[in-house]
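Enquirer: Below: one structure in structure tokens.
The values are calculated or read from the model by the stated rules, or taken from the named source; none is laboratory data. Everything quoted here is computed from the prediction, not taken from an experiment. Cβ sites come from the backbone with ideal geometry, for glycine too, and all protein chains shown count toward neighbours.
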């Protein structure tokens, strides 16, 4: 152990501990800006770039960045001497001098770490005025880059390059003109960006935000010629409460439904219903491939990969196009919902699909992009018109003067409001595959499954593997969340290092609960764990916990689809993938 | 029987002299020797830099040390017919001592060389850098043979430690200690890296060594490899140094051919080979962590130390990074011993230092002086004093990261510590001399312009702070500064030094602080009196006609590019201040001293 003194307090720490961590451990909060530690995922960003966390170390010539300086025996540290306070304030004033002053209209206002820090530090003037760096705005279907607001913290780079291994964002240019941008300064939309939104999640300022669809939604809700229906994803109900000051992990399903109704949606539906539908199709596909495989069919491709996550889909289209016939062809729940809504439901209520607006509430920003994919539209009319993130919904509820906390619990509308526990756990890593196992087990073994909790599939480890006993047949399941982990797992599969029957992949760390559209966690990964717990809690509370038991699903097949993998199903609920390797456009 | 070569004509073929046709000159000399049937008696040798770049191209005759300056290709005939054939020096091509106005017969009597001791540059201007045999004839690779066959890695490090050689790249870290730390780092693979990313504006010490004596660097790197336990060397060199790259490639090939690089050197089982890595010319890549990232194909920006490269460097392996000039000192230390080396220099700074002398000085060029030489000796003896008899004002050492020293510092001995104590630094060896016509605010602004451009952008004080320093200096030179600007300038400079991540940011404000400390009155004059005494800041000066002197010749009006001078012939003229662009054309052209700067 190493003993040192910080602000006259003695502290003992393990070798390798930084001054920042040591100070945190004894309740001394050194201001920080570029530093980020997502401890549960072993993700740390400490480039030592912002220089806000500088402290005075006795005997050292210059000030030391607390985030990157390791403690040494006998060190004497002062975190708020006049020298430190002046330096820190000057550095902050410099950063602010190169930042647009549009806080009043900035999407990040109120959630901006730079703004909060400036307030905490009591900065009331910016004496060092001068030229501000400017860069063109870049808008994609999901993410807006306002690089003028970038403070070069490099967190997005860590997420994009190290965590997700997408490798789109990195620092370019030098000195005052340095910015974070895709290679050759191409637009995000032309790059290999998967729109996972993890960069948005960690950006301390408004440099990276999601495309805002709330104004379009307000207009559509006010348009009497349109029928506006909404679907809401499982992970939303486990996080929305945070935006209203509720404890992380509080389930707000009932309040969410009431809020959506008050906003004026004509029908409030649940994406969970579509998740059950996904399991019906994907489960049937698994069973089909598995049976063929066991019967010695050499053409069958295993493992089957899940396909619910649009960022993951775009990832393999760019990075592993050779694998494009391995993933399940089942569309994501969002798109299954859209396609059924604009066919079966539109017909049922006698509304032309052009006058039916399908909106989704998603924990995700990649879903915005998914809505725009051409194959998910009919004659130019998209199956899902647009997607709104959890954060945008929270903002909209506040704008509509709704007292969210005081709302009574409401119920979803039918026919797409009923769902099972299996669909709820779609919101977390391991959930989709567990839901699939619950259904395929019964389909394959023709036996009733008593114990539906497959604990071996759960957890927060980035890559997991588990075995599930299908009445004597041992099924190997792989799970990865975070695209970097997905890459690792896929490479192992390609190299033949491991043999799986099925693999679940979610692009975001933690799965959809940690999606790019969720309320900001500001580095507190315990919030994700609380959300995960809430999702499993909702599962337990459900009467029905297997997708194929959902009565409205059964009725949908009876009335409309026939059976899973039927021709109608293929047309409406399945899709195909593209080789996007050569699609990169350099302007 | 072939006659013996009695005379060598050494022609400088460094980048500077080549730009003045020295390659053509070399061919002309060879042609003349042939025409006169002298090719068996005299030989033309293309060498690296002699250092006296002010008067290039240089031809030095060996063995009599005759030193011809500003030689043109058409002078070849006379040199051969007179000097080689008849043994008579070509007087008109000899260097003229500006003080006594007499021709100097040989280099030994030139003020420029008298106080120099050439260790790192010992072969520059003497041998043909493209011929390994010439290097071998000057004890080349003897030190490598010695360490491999007679010494252990530890005793090799010991010699370097005892010599007290310090890094010549700027910071002056003890070289032997660096080697020792790298040796002690346990790893299956280690690297020796030569930092040839010379970036100071106007400095060309490393380039000249690589162009004039590439083998010395290769030999030293192999010695270092043996000492630290590395079998791979990499030279990080900027792509803007094509001649140095060309000569390094030749040298590496020749050394491999001779078995001095590659496998099993001197039959000892020790392997060592060297490759080149090209830099794109970013100043910050001279910082060792940034250099390593650049070699790895990453963005060239520094990272926090520790881990030091000696522990975790190139590709995560222990890496010893030394500068070109540091390496150039190594073989001779091994050959002559640490005690010999320690006789040169001062208590804390041993050996010599190479400087690129530039600015308002008579003898612009490359010099190597023993540590402890005073600035006065360098500027007034070696440098031959200030150009055009002007008054000395300041000298900037340490490149853009250094500081401006003044009259009162002239007798300071040049050492690492004394320069830092005076508010400047050794740096890699840039030395820029300024005279009374230089405005110190503009000088600070010039250097800041460079650092703003060269900052990597990683840390905020350097990225934004230096930009703001530049902008404040700019307002001062435009007459828009106030005393408050000066206060802000001082505070910001201190904070940037105190908080920046790497050496670039930590030293970038030095030109500002040193000029504020040494030329405070000049700053005050700019902000309070709105005057620039040196008449450099255009916004602070006006050209006006002195009516008493003006004869109305109209020359000024005819030469004014913006037609802002009005006046009839034989009438007093007047300059329209609102239109004047302060180009100074009228001032230059007026024969009657009728225009003054106020």
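Enquirer: Keeping to the range A:101-122, report how many residues are under 20 Å from residue B:461 (Cβ atoms) and surrounded by 14 or more Cβ atoms within 10 Å (Cβ to Cβ).
Expert: The qualifying residues number 5.
Enquirer: Might you check whether a residue that is touching a strand residue (DSSP E or B) at 6+ places or on another chain (Cβ under 6 Å), without any contact (Cβ under 8 Å) to a residue 24 or more places away in the chain and surrounded by fewer than 19 Cβ atoms within 10 Å (Cβ to Cβ) occurs anywhere in the range B:218-233?
Expert: Scanning the range B:218-233 turns up no residue that is touching a strand residue (DSSP E or B) at 6+ places or on another chain (Cβ under 6 Å), without any contact (Cβ under 8 Å) to a residue 24 or more places away in the chain and surrounded by fewer than 19 Cβ atoms within 10 Å (Cβ to Cβ).
Enquirer: Name the single residue that is surrounded by the fewest Cβ atoms within 10 Å (Cβ to Cβ) among those in the range A:320-345 being modelled with pLDDT under 95 and part of a helix (DSSP H, G or I).
Expert: A:322
Enquirer: Only one residue in B:117, B:58, B:79, B:127 is over 26 Å from residue B:354 (Cβ atoms) and not assigned by TED's automatic domain parsing to the domain that holds residue B:246. Which one?
Expert: B:79
Enquirer: Let me ask something else. Quick check on the range A:282-293. Is at least one of its residues over 16 Å from residue A:565 (Cα atoms) and over 21 Å from the mean Cα position of the chain (by Cα)?
Expert: For the range A:282-293, residues over 16 Å from residue A:565 (Cα atoms) and over 21 Å from the mean Cα position of the chain (by Cα): present.
Here's the yes/no breakdown for (1) in contact with a strand residue (DSSP E or B) (Cβ under 8 Å, 6 or more places away or on another chain); (2) closer than 30 Å to residue A:496 by Cα; (3) modelled with pLDDT of 95 or more:
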| position | (1), (2), (3) |
| --- | --- |
| A:432 | yes, yes, yes |
| A:435 | no, yes, yes |
| A:448 | no, no, no |
| A:452 | no, no, no |
| A:473 | no, yes, no |
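Enquirer: Collect the residues in the range A:397-417 that are surrounded by 22 or more Cβ atoms within 10 Å (Cβ to Cβ) and in contact with a strand residue (DSSP E or B) (Cβ under 8 Å, 6 or more places away or on another chain), keeping them in residue-number order.
Expert: Matches in the range A:397-417: A:412, A:416.
Enquirer: Do any helices (runs of 4 or more DSSP H) entirely within the range B:496-589 hold 3 or more residues that are touching a residue at least 60 places away in the same chain (Cβ under 8 Å) and away from every other protein chain (no Cβ under 14 Å), and if so, which?
Expert: Because the criterion is at least 3 residues that are touching a residue at least 60 places away in the same chain (Cβ under 8 Å) and away from every other protein chain (no Cβ under 14 Å), the helices (runs of 4 or more DSSP H) in the range B:496-589 that meet it are B:510-518.
Enquirer: Which residue out of B:227, B:220, B:171 is modelled with pLDDT under 95, over 20 Å from residue B:365 (Cα atoms) and not assigned by TED's automatic domain parsing to the domain that holds residue B:16?
Expert: Unique residue meeting the criteria: B:171.
Enquirer: What are the residues in the range B:514-533 that are buried (at least 20 other Cβ atoms within 10 Å of the Cβ) and touching a strand residue (DSSP E or B) at 6+ places or on another chain (Cβ under 9 Å), if any?
Expert: Answer for the range B:514-533, where residues must be buried (at least 20 other Cβ atoms within 10 Å of the Cβ) and touching a strand residue (DSSP E or B) at 6+ places or on another chain (Cβ under 9 Å): B:514, B:515, B:518, B:519.
Enquirer: I've got another one for you. Could you list, in sequence order, the residues of the range A:99-116 that are touching a residue at least 40 places away in the same chain (Cβ under 8 Å) and assigned to a loop (DSSP other than H, G, I, E, B)?
Expert: Across the range A:99-116, the qualifying residues are A:99, A:100, A:106, A:107, A:108, A:109, A:111, A:112.
Enquirer: Hey, another quick one. Which of the following residues is part of a loop (DSSP other than H, G, I, E, B) and touching a strand residue (DSSP E or B) at 6+ places or on another chain (Cβ under 7 Å): B:100, B:71, B:84?
Expert: It is B:71.
Enquirer: Looking at (1) within 20 Å of residue A:87 (Cβ to Cβ); (2) more than 11 Å from chain A (Cβ to nearest Cβ); (3) not in a helix (DSSP H, G or I), which is the only condition residue B:434 fails?
Expert: (1)
Enquirer: Could you tell me whether the range B:278-300 includes any residue that is more than 14 Å from every other protein chain (Cβ to nearest Cβ), part of a helix (DSSP H, G or I) and at positive phi?
Expert: Scanning the range B:278-300 turns up no residue that is more than 14 Å from every other protein chain (Cβ to nearest Cβ), part of a helix (DSSP H, G or I) and at positive phi.
Enquirer: Say whether the condition of being away from chain A (no Cβ under 14 Å), assigned to a strand (DSSP E or B) and crowded, with 23+ Cβ neighbours inside 10 Å is met by at least one residue in the range B:311-319.
Expert: yes
Enquirer: Please find, among B:331, B:400, B:413, the residue that is touching a strand residue (DSSP E or B) at 6+ places or on another chain (Cβ under 9 Å), farther than 18 Å from residue B:51 by Cβ and buried (at least 19 other Cβ atoms within 10 Å of the Cβ).
Expert: That would be B:400, the only listed residue that is touching a strand residue (DSSP E or B) at 6+ places or on another chain (Cβ under 9 Å), farther than 18 Å from residue B:51 by Cβ and buried (at least 19 other Cβ atoms within 10 Å of the Cβ).
Enquirer: Let me ask something additional. Looking at (1) assigned to a helix (DSSP H, G or I); (2) surrounded by 18 or more Cβ atoms within 10 Å (Cβ to Cβ); (3) not assigned by TED's automatic domain parsing to the domain that holds residue A:480, which is the only condition residue A:388 fails?
Expert: In the conditions (1) assigned to a helix (DSSP H, G or I); (2) surrounded by 18 or more Cβ atoms within 10 Å (Cβ to Cβ); (3) not assigned by TED's automatic domain parsing to the domain that holds residue A:480, residue A:388 misses (1) alone.
Enquirer: If you don't mind, there's one more thing I want to ask. Looking for whichever is within 9 Å of chain B (Cβ to nearest Cβ), surrounded by 14 or more Cβ atoms within 10 Å (Cβ to Cβ) and outside any loop (DSSP other than H, G, I, E, B) here; the options are A:88, A:51. Which one fits?
Expert: A:88 is the lone residue from the list that is within 9 Å of chain B (Cβ to nearest Cβ), surrounded by 14 or more Cβ atoms within 10 Å (Cβ to Cβ) and outside any loop (DSSP other than H, G, I, E, B).
Enquirer: Search the range A:349-372 for residues being without any contact (Cβ under 8 Å) to a residue 60 or more places away in the chain and out of contact with any strand residue (DSSP E or B) (no Cβ under 7 Å at 6 or more places or on another chain), and hand back the single one that is surrounded by the fewest Cβ atoms within 10 Å (Cβ to Cβ).
Expert: By that ranking, first place goes to A:350.
Enquirer: Turning to a different aspect of this structure: Do you know which residues across the range A:15-48 are within 13 Å of another protein chain (Cβ to nearest Cβ), closer than 10 Å to residue A:153 by Cα and either at pLDDT below 95 or in contact with a strand residue (DSSP E or B) (Cβ under 9 Å, 6 or more places away or on another chain) (or both)?
Expert: A:34, A:35, A:45, A:46, A:47, A:48
Enquirer: Return yes or no: is residue B:481 modelled with pLDDT of 95 or more, outside the structural domain of residue B:198 (by TED's automatic domain parsing), part of a loop (DSSP other than H, G, I, E, B) and over 30 Å from residue A:66 (Cβ atoms)?
Expert: Spelling it out, residue B:481 is indeed modelled with pLDDT of 95 or more, outside the structural domain of residue B:198 (by TED's automatic domain parsing), part of a loop (DSSP other than H, G, I, E, B) and over 30 Å from residue A:66 (Cβ atoms).
Enquirer: Assess whether residue A:234 counts as being over 30 Å from residue A:345 (Cβ atoms), within 17 Å of the chain's Cα centre (by Cα) and either without any contact (Cβ under 8 Å) to a residue 60 or more places away in the chain or crowded, with 19+ Cβ neighbours inside 10 Å (or both).
Expert: no
Enquirer: Take residue A:138 and tell me if it is touching a strand residue (DSSP E or B) at 6+ places or on another chain (Cβ under 7 Å) and away from every other protein chain (no Cβ under 14 Å).
Expert: Yes, satisfied.
Enquirer: Just checking, how many residues over the range B:439-461 are over 22 Å from residue B:536 (Cβ atoms) and either without any contact (Cβ under 8 Å) to a residue 24 or more places away in the chain or not in a helix (DSSP H, G or I) (or both)?
Expert: Going through the range B:439-461 one residue at a time, the tally reaches 6.
Enquirer: Let me ask something else. Taking residue B:464 and the conditions (1) in a loop (DSSP other than H, G, I, E, B); (2) at the interface with another protein chain (Cβ under 9 Å from one of its Cβ atoms); (3) free of Cβ contacts under 8 Å to residues at least 40 places away in the same chain, which numbered condition does it fall short on, given that it satisfies the others?
Expert: Residue B:464 satisfies all of (1) in a loop (DSSP other than H, G, I, E, B); (2) at the interface with another protein chain (Cβ under 9 Å from one of its Cβ atoms); (3) free of Cβ contacts under 8 Å to residues at least 40 places away in the same chain except (1).
Enquirer: Residue check, residue A:258 against (1) touching a strand residue (DSSP E or B) at 6+ places or on another chain (Cβ under 7 Å); (2) assigned to a helix (DSSP H, G or I), all met but one. Which one?
Expert: Unmet for residue A:258, out of (1) touching a strand residue (DSSP E or B) at 6+ places or on another chain (Cβ under 7 Å); (2) assigned to a helix (DSSP H, G or I): (1).
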